[in-house]
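The values are calculated or read from the model by the stated rules, or taken from the named source; none is laboratory data. Bear in mind the structure is a predicted one, so any value in this text is a computation, not a measurement. Here the Cβ positions follow ideal geometry from the backbone for every residue, glycine too, while neighbour counts run over all protein chains shown. Surface accessibility is based on the protein's heavy atoms, side chains included, excluding ligands, DNA and RNA. Shrake-Rupley method; radii C 1.70, N 1.55, O 1.52, S 1.80 Å.
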Amino acid sequence: MARFTLPRDLYHGKGSLEEIKNLKGKKAIVVVGGGSMKRFGFLDRVVSYLKEAGLEVKLFEGVEPDPSVETVMKGAQMMREFEPDWIVAIGGGSPIDAAKAMWAFYEYPDTTFEDLCIPFNFPTLRTKAQFCAIPSTSGTATEVTAFSVITDYNKGIKYPLADFNITPDVAIVDPDLAETMPKKLTAHTGMDAITHAMEAYVSTLHCDYTDPLALHAIKMIHNDLIDSYNGDMAARDRMHNAQCLAGMAFSNALLGIVHSMAHKTGAAYSGGHIVHGCANAMYLPKVIKFNAKDAEAAKRYGEIARFIGLEGSSNEELVDALIAEIRSMNKKLDIPTCIKEYEGGIIDEAEFNDKLAAVAELAVGDACTGSNPRAITPAEMEKLLTCCYYDKEVDF
């Protein structure tokens, strides 16, 4: 038996933010990030709509780009004091992910972060509050997923939390918010989205319900991401839908080792964080080559290639064409080919190699590894990460 879970209600299209007016409740806490939603007026509109709906409103502001365990605990404490029956998260993936984790600690103050790190081990939620997610970026799709990524800065590890309990009740996918994204963020979130869809399509848990969502999302992103990056707002609006479709696919089919590697390299190095979407973009071509040693994965990558109009007379040729196409997209989006080139070389080579074995071990143990189409050992993960650092050919 398999399961397919999405928000109960998803409102989409320009102006759908106004649906906030129809939430029924007494109190709402609004979780938001660093200020862009306030600068562009969306936060004020959300607060105004909630008050129009008759709810008392409190703000939790300042969620950082990679939300920390400490931020989650502070938010949960505010929720326990305020006792909202709606949690409304607006912004990029970070405030929505943080709010999902806060939700668990609000409803279950005695649970531990270690408990939640075990995949699909959350307690039953909605005993105190429901959840509404409003994304402003076109990539994470956390508004429709059973996932949240929280960073433990003391350990230098990003934890993917996974449980169908944290799939939001309401998602509002209004492209007006996405039109505020800067160019670099548009690139990184877009490649995050196409990685979600491709990993979902080849996942060991893919099914008839997830496959069409993944394929259509891939085609949309392939068609629209470059134009969106270059300022075409009609393409930007379509990307907001595409990333959401990709999220529906991967939330139910799960992911693979591109995400395992991105999670475990993201906060591992003293030179700075590797932005999640950029990490996915750099690693995806290498992982496709690695996974394509598995015949079924190669066949499915070939189906993706054909679906977006690439040519090849065999699965091997189609896989190579798909890899070349992703590398071409990365180049057009000004995304580096490897970790060594990332942000001008901020990830020190010696530190990368010193930490290689430990990072590889953590990546193999990541929650996303289990649904990857080809099994991987820590030794193979070390080789794969090395290929991603130096842009070496994957030949194993």
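Miscellaneous remarks
- Extension reserve of the residue 111-residue 299 stretch, reckoned as 0.36 nm per residue once the Cα distance is removed: 63.4 nm
- Candidate lysines for bridging to residue 340, where Cα separation is under 24 Å - those fewer than 8 sequence places away on the same chain excluded: 155, 158, 183, 184, 264, 286, 289, 331, 332, 355, 383, 392
- Shown here for the stretch 8-60: trypsin sites (Lys or Arg not before Pro) in loop regions (DSSP other than H, G, I, E, B) with at most 13 other Cβ atoms within 10 Å, namely 8, 14, 24, 26.
- Global geometry of the stretch 123-222, whether rounded, prolate or oblate, following the gyration tensor of its Cα atoms and the 1.5 cut on a/c: rounded
- Phi angles of the stretch 18-25 translate, via the Karplus equation with coefficients 6.51, -1.76, 1.60 and θ = phi - 60°, into HN-Hα couplings of 5, 4, 3, 4, 9, 5, 9, x Hz per residue; Gly and Pro are given as x.
- In the chain, the longest principal axis of the Cα atoms and the axis of helix 93-107 are about 50 degrees apart.
- Divide the volume of the convex hull around the Cα atoms of the chain by the residue count and you get 123 Å³ per residue.
- Top positive-direction residue, dipole computed over the chain with Cβ charges, set 46, 214, 65: 46
- Percent of beta bridges antiparallel (DSSP, the chain, rounded to nearest 5): 20
- The stretch 260-268 - phi-based ³J(HN,Hα) in whole Hz, Karplus 6.51/-1.76/1.60, Gly and Pro as x: 4, 5, 5, 4, 8, 8, x, 10, 8
- Here the peptides 210-218, 249-257 are ranked by packing, the mean other Cβ count within 10 Å, and the order with the highest first is 249-257, 210-218.
- Where the stretch 14-150 is the region considered: accessible area per residue in Å², 1.4 Å probe: 39
- Extension gain (nm, one decimal) between residue 53 and residue 227, 0.36 nm per residue minus Cα-Cα: 58.9 nm
- With the cut-off at under 18 Å, measuring from each backbone N in the stretch 123-154 to a point 7 Å along the Cα-to-Cβ line of residue 1 picks out 124.
- Sequence-distant residues sharing a close amide H with residue 59 (under 5 Å, placed H): 30
- Relative contact order (percent, whole number), the stretch 120-165, Cα cutoff 8 Å, 6+ residue spacing: 40
- Dipole moment magnitude, nearest 20 debye, the stretch 349-396 about Cα centre, only Lys, Arg, Asp, Glu C-beta charged: 200
- Residue 157 long-range amide H proximity, modeled H, under 5 Å: 152
- Taking amide H as placed 1.01 Å from N in the peptide plane, the amide H of residue 173 sits under 5 Å from that of 11, 12, 13, each at least 5 places away or on another chain.
- Figure note: 270, 48 ranked by solvent-accessible area, largest first, 1.4 Å probe, ligands and nucleic acids not counted: 270, 48.
- Nearest-10 value in Å² for the accessible area of residue 3, using the 1.4 Å probe: 140
- Adding -39500 (n - 2.57) for every DSSP H run of four residues or longer, then dividing by how many residues the chain holds, sets the calculated 222 nm ellipticity at -15500 deg cm²/dmol.
- Neighbourhood net charge (14 Å Cβ-Cβ; Lys/Arg +1, Asp/Glu -1) for residue 378: -1
- In degrees, nearest ten, helix 233-253 long axis to first principal axis of the chain (Cα): 80
- Computed from backbone phi with θ = phi - 60° and the Karplus coefficients 6.51, -1.76 and 1.60, the 3J(HN,Hα) list for the stretch 197-214 is 5, 5, 5, 5, 5, 9, 4, 5, 9, 4, 7, 4, 7, 8, 4, x, 5, 5 Hz; x is used for glycine and proline.
- Label-zone membership for the stretch 221-239, site residue 334, 7 angstrom Cα→C-beta point, backbone N under 19 Å: 225-233, 236
- Annotation: per residue accessible area for the stretch 250-396 equals 38 Å², rounded to a whole number [probe 1.4 Å, protein chains only].
- Qualifying GluC sites (Glu not before Pro) for the stretch 362-396 [loop in DSSP, other Cβ within 10 Å: at most 15]: 393
- Cα convex hull of the stretch 279-319 - mean projected area over all directions, nm²: 2.8
- Each Cα pair under 8 Å and six or more residues apart adds its separation to the average, and for the chain the resulting relative contact order is 15 percent.
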